[in-house]
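The values are calculated or read from the model by the stated rules, or taken from the named source; none is laboratory data. Values in this document were obtained by computation on a predicted structure and should not be read as measured data. Cβ atoms come from the backbone with ideal geometry, glycine included; neighbour counts cover every protein chain shown.
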Amino acid sequence: MPVLPAIQRVPEMQAWSERVRRRGERIVMVPTMGFLHEGHLSLVRAGRERGDRLVVSIFANPTQFAPSEDFESYPRDLERDVRLLAAEGVDLLFNPAAEDMYPRGYQTYVDVEAVSRPLCGVHRPGHFRGVATVVLKLFNIVRPHVAVFGLKDYQQVQVIRRMLLDLNLDVEIVACATVREPDGVAMSSRNRYLGAAEREAAACLQSALGKAEALVRGGETSAAKVRDAVVAEIRRQPLARLEYADLCDPDDLEPVSEIRGSTLLALCAWVGKARLIDNRVLGGSQP
């Protein structure tokens with residue numbers, strides 16, 4: 001079986017990156033929280049095509065979880081993750097400890113203001129502060145030329161893009177399409193929380209996205225009417241509890257009342273213990 005080199009300590013990771021950069025090699029990074037699935041592995045494969053050395057980080061970041069959320073129960077299986085990454089030919093795993101990422105007395109955070117407020121920002125206050133902070137820290141430690149993210153977490157991608165622009169960071173962001181199960185459910189580590197009936201119910205998000213797309217293709221331009229149809233579709237599924245269904249500008253995530261060109265439809269629903277998000281850009285293509 002292939003062996004996957006791993007680094008846990010921050011100074012050692014920085015030294016590795018410095019050596020690679022001095023050789024003129026291009027570093028690609030795929031940040032993850034672990035418990036990898038085919039969606040993560042698709043990002044790894046995309047990253048392999050974009051540079052010379054491929055680093056995957058696994059770090060379940062405590063600062064992006066509220067006290068009431070599932071940090072302690074978030075699925076973890078490092079041994080399995082290592083096997084999957086080794087089979088994909090990853091050059092290095094960076095899996096730091098929380099005490100190294102957030103040493104005693106830690107007090108510095110990154111707030112990406114406007115783009116963090118809507119959608120998940122309404123329901124998970126502080127979440128994107130944790131995301132932006134840990135991503136900036138990972139970029140400073142790994143020093144990648146390229147970082148690869150998935151568009152299932154669309155708002156996260158936009159937060160990171162805004163942070164890079166505002167802070168003049170020299171990292172290319174590659175955003176890859178959502179990878180789905182055969183029934184259209186977006187792949188997620190939290191899907192493991194779903195029982196059999198709940199797993200079937202989760203398909204209502206994809207069904208709602210499809211209904212919205214059909215309406216827009218048919219000429220509907222009212223965001224309110226599209227949203228009403230989406231809400232009705234999800235409410236047809238008794239095991240699903242809608243958290244939000246919003247139509248907004250795909251760049252700044254500001255709400256829209258009319259669908260003119262590309263418009264993001266972002267969804268979040270609870271199915272059992274699983275909080276599931278999904279999205280689709282209507283009337284255009286993913287940015």
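Observations
- Strands (runs of 3 or more DSSP E) contained entirely in the range 181-287, each with at least 3 residues that are farther than 27 Å from T32 by Cβ and of a type outside the set (S, T, Y): 240-248
- Scan of the range 40-66 for residues that are in a strand (DSSP E or B), under 17 Å from I173 (Cβ atoms) and not hydroxyl-bearing (S, T, Y), ordered by number: L54, V55, V56
- When L151 is tested against the conditions (1) touching a residue at least 40 places away in the same chain (Cβ under 8 Å); (2) of a type in the set (A, V, I, L, M, F, W, C); (3) crowded, with 22+ Cβ neighbours inside 10 Å, the lone failure is (3).
- Filter result for L151 (under 17 Å from I234 (Cβ atoms) and in contact with a strand residue (DSSP E or B) (Cβ under 6 Å, 6 or more places away or on another chain)): no
- Test result for V134, over 24 Å from E38 (Cα atoms) and in the same structural domain as L92 (by TED's automatic domain parsing): no
- Applying the condition of being under 26 Å from the mean Cα position of the chain (by Cα) and under 15 Å from R143 (Cα atoms) to the range 1-15 and asking which residue is surrounded by the fewest Cβ atoms within 10 Å (Cβ to Cβ) yields R9.
- Note on the range 249-271: residues that are surrounded by 18 or more Cβ atoms within 10 Å (Cβ to Cβ) and over 15 Å from R161 (Cβ atoms) total 8.
- Against the list (1) touching a Cys at 6+ places or on another chain (Cβ under 9 Å); (2) surrounded by fewer than 16 Cβ atoms within 10 Å (Cβ to Cβ); (3) closer than 16 Å to L151 by Cβ, the condition R236 fails is (3).
- Looking across the range 272-287, the residues that are among the basic types (K, R) and surrounded by 14 or more Cβ atoms within 10 Å (Cβ to Cβ) come down to R275, R280.
- So Q158, is it of a type in the set (S, T, N, Q) and not assigned by TED's automatic domain parsing to the domain that holds V146: no
- In summary, V122 fulfils each of the numbered conditions (1) outside the structural domain of L265 (by TED's automatic domain parsing); (2) hydrophobic (A, V, I, L, M, F, W, C); (3) closer than 30 Å to P238 by Cα; (4) buried (at least 19 other Cβ atoms within 10 Å of the Cβ) with the single exception of condition (4).
- The listed residues are A197, A223, and the only one of them that is free of Cβ contacts under 8 Å to residues at least 60 places away in the same chain and within 30 Å of S73 (Cα to Cα) turns out to be A197.
- Some residue of the range 260-276 being on the phi < 0 side of the Ramachandran plot, touching a helix residue (DSSP H, G or I) at 6+ places or on another chain (Cβ under 7 Å) and among the basic types (K, R): yes
- Enumeration of residues in the range 208-233 that are buried (at least 16 other Cβ atoms within 10 Å of the Cβ) and under 23 Å from the mean Cα position of the chain (by Cα): A208, L209, A212, E213, V230
- Filter pass, V110 being crowded, with 17+ Cβ neighbours inside 10 Å, in contact with a Leu (Cβ under 9 Å, 6 or more places away or on another chain) and in a helix (DSSP H, G or I): no
- For first residues located in the range 13-25 and part of a helix (DSSP H, G or I), partners that are of a type in the set (K, R) and lie 6+ apart or on another chain with Cβ distances below 8 Å form the pairs Q14/R143; S17/R143; E18/R143; V20/R53; R21/R143.
- Just one residue in the set E79, E69 is charged (D, E, K, R) and either in a helix (DSSP H, G or I) or free of Cβ contacts under 8 Å to residues at least 24 places away in the same chain (or both); that residue is E79.
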